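Right, one structure below, let's go through it.
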Amino acid sequence: MARITIIGGGVIGLSIAFECRKRGHEITVVEAQRCGGQASGAAAGMLAPYSEIEEDPDDFFRLCQRSLQLFPEWQEEVKQHSEIDFEYNESGSLYCIYHEADRLSLETKQAWQQKFHVKSKLLTAEEVREKEPELSENVVAALWCPEEAHIYAPGYVAALLQACRSLGVRVVENAGEAKLENGDVVTKNERIESDEVVLAAGAWSMYWENELGCTLPIFPIRGQICAYEAPTLNHIIFTSQGYLVAKANGSVVAGASEDIADFDTNVTMHGIGRLEKWSKKVMPVLEKMEPFHKWAGLRPATQDGFPLIGRVVEKTGIILATGHYRNGILLSPITAKIVADEIDQIPQRIEIGQFNPNRFQSIQ
Ligand SMILES: Cc1cc2nc3c(=O)[nH]c(=O)nc-3n(C[C@H](O)[C@H](O)[C@H](O)COP(=O)(O)OP(=O)(O)OC[C@H]3O[C@@H](n4cnc5c(N)ncnc54)[C@H](O)[C@@H]3O)c2cc1C
């Protein structure tokens, strides 16, 4: 049994805590503020690798696909241990196009998806509107991916936190910014000795370069997002400009901007205005409505678009699990299992070389 301290109580840190605790390790999570209070609580909760990944598949696609496949059992376990019933909806998705010229890209995408046994079907405009009567008549066709799903992210994160606590994980919130001193994790109130330290600090992982002795090209990309009280949708709706996803609480969420704003989590008129304009075109019933809720979060982006998961060469007692950018909710179960396997010295079940945190050069 190892003593493991996890820095960061977002979806990634809590998922790792949950998995490692189930395997019998002694876990402490230290969170600067409130667990789930940053990107993880702001997310739309889509589990949608087939719609999100446009280009040819690579190891990142396989990582996302594997994580999607883990979700049914994983979310059930979180519900059991937390006794919290959050929304998980295997709704499927429709990737809609509005110009004939875009049909070829949908067909190409579907062709490579089939090689990976992804279920998908090209629908005509009539078929799309039969499935989703609230969508605009301008839709030309859509790619239907029935295996994609979504989750209510704030509920999922709250349940993960409760599941961790029920299993005996020590969670320290409002710990201030944890630091490392001679291998110990130090918070404003205590010093924690550990066998392993996992850094799951989301966009804030960028500040650990000097401490870890390796280049960490991680940076915050703000996502602005809003919600309407609107008639429901049966699927996640994607277009090239954004997405709409209906939640069981009666809201339709429209997302999301991608802007560089340092660590600012305010919404702007420009960011939300663009979303409003786009969403009203896609779903005309929204035209007379105002979003009742607007918010923003900071996605942990990386230079090459891939997460950093694995042990740091210069500091072998430290494992990084960060940089999940647009897919941290989706990737939470697989990341937890990769990190737990690393700690338990179990050979990895999928190819993870592309996510090696040492792939950027060391700091001299
Ligand atoms: C608008 C929006 C929509 C999104 N939609 C989706 C989606 O539909 N599907 C999907 O899969 N993903 C989505 N994402 C992305 C997803 O939210 C992120 O990839 C994911 O939440 C990252 O999780 P994390 O735990 O790494 O980071 P965070 O949730 O940011 O958590 C990191 C935590 O570490 C803490 N911390 C940092 N430094 C320290 C320190 N020194 N000491 C202690 N604690 C520290 C922070 O306080 C924070 O709570 C979305 C993101 C946004 C913003």
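Residues of segment 199-226 that are more than 14 Å from the ligand (Cβ to nearest atom) and outside any strand (DSSP E or B): GLY213, THR215, PRO217. Set side by side, the residues TRP278, TRP295 differ, and just one is closer than 30 Å to THR232 by Cβ, of a type in the set (Phe, Trp, Tyr) and within 21 Å of the chain's Cα centre (by Cα), which is TRP295. Scanning segment 238-271 for residues that are of a type in the set (Val, Ile, Thr), open to solvent by less than 20 Å² (accessible area, probe 1.4 Å) and within 13 Å of the ligand (Cβ to nearest atom) gives VAL245, VAL253.
In segment 341-349 there is at least one residue matching the filter, namely being surrounded by fewer than 22 Cβ atoms within 10 Å (Cβ to Cβ) and modelled with pLDDT under 95. It is to be established whether one or more residues within segment 194-204 are open to solvent by 30 Å² or more (accessible area, probe 1.4 Å), at negative phi, outside the structural domain of ALA254 (by TED's automatic domain parsing) and free of Cβ contacts under 8 Å to residues at least 40 places away in the same chain. There is no residue in segment 194-204 that is open to solvent by 30 Å² or more (accessible area, probe 1.4 Å), at negative phi, outside the structural domain of ALA254 (by TED's automatic domain parsing) and free of Cβ contacts under 8 Å to residues at least 40 places away in the same chain. When you look at GLU126, is it surrounded by fewer than 21 Cβ atoms within 10 Å (Cβ to Cβ) and under 27 Å from SER251 (Cβ atoms), yes or no? Against the criterion (surrounded by fewer than 21 Cβ atoms within 10 Å (Cβ to Cβ) and under 27 Å from SER251 (Cβ atoms)), GLU126 does not qualify. So for segment 12-27 (the condition being within 15 Å of the ligand (Cβ to nearest atom), hydrophobic (A, V, I, L, M, F, W, C) and either assigned to a loop (DSSP other than H, G, I, E, B) or open to solvent by 10 Å² or more (accessible area, probe 1.4 Å) (or both)), does at least one residue qualify? Yes - at least one qualifying residue is present in segment 12-27. Looking only at residues in segment 224-233 that are of a type outside the set (A, V, I, L, M) and open to solvent by less than 10 Å² (accessible area, probe 1.4 Å), the one that is farthest from the chain's Cα centre (by Cα) is TYR228. Given the structure, is LEU180 in contact with an Asp or Glu (Cβ under 9 Å, 6 or more places away or on another chain) and either open to solvent by less than 50 Å² (accessible area, probe 1.4 Å) or part of a helix (DSSP H, G or I) (or both)? Yes, satisfied. The listed residues are LEU320, LEU331, and the only one of them that is within 11 Å of the ligand (Cβ to nearest atom) and either under 26 Å from GLY183 (Cβ atoms) or free of Cβ contacts under 8 Å to residues at least 12 places away in the same chain (or both) turns out to be LEU320. Annotation note: of GLU196, GLU177, GLU229, the sole residue that is within 13 Å of the ligand (Cβ to nearest atom) and charged (D, E, K, R) is GLU177.
Put simply, of GLY323, GLY353 the only residue that is open to solvent by less than 40 Å² (accessible area, probe 1.4 Å) and not hydrophobic (A, V, I, L, M, F, W, C) is GLY323.
Of all positions in segment 272-281, at least one carries a residue that is out of contact with any Asp or Glu (no Cβ under 7 Å at 6 or more places or on another chain) and in contact (Cβ under 8 Å) with a residue 60 or more places away in the chain.
Looking across segment 64-110 at every residue that is touching a Phe, Trp or Tyr at 6+ places or on another chain (Cβ under 7 Å) and hydroxyl-bearing (Ser, Thr, Tyr), the one that is nearest to ALA149 (Cα to Cα) is identified as SER93.
The values are calculated or read from the model by the stated rules, or taken from the named source; none is laboratory data. None of these values were measured; they are calculated from a predicted model. Virtual Cβ from ideal backbone geometry, glycine too; neighbours counted across all protein chains shown. Accessible surface is based on the protein model in full, side chains and every heavy atom, while ligands, DNA and RNA are left aside. Shrake-Rupley method; radii C 1.70, N 1.55, O 1.52, S 1.80 Å.
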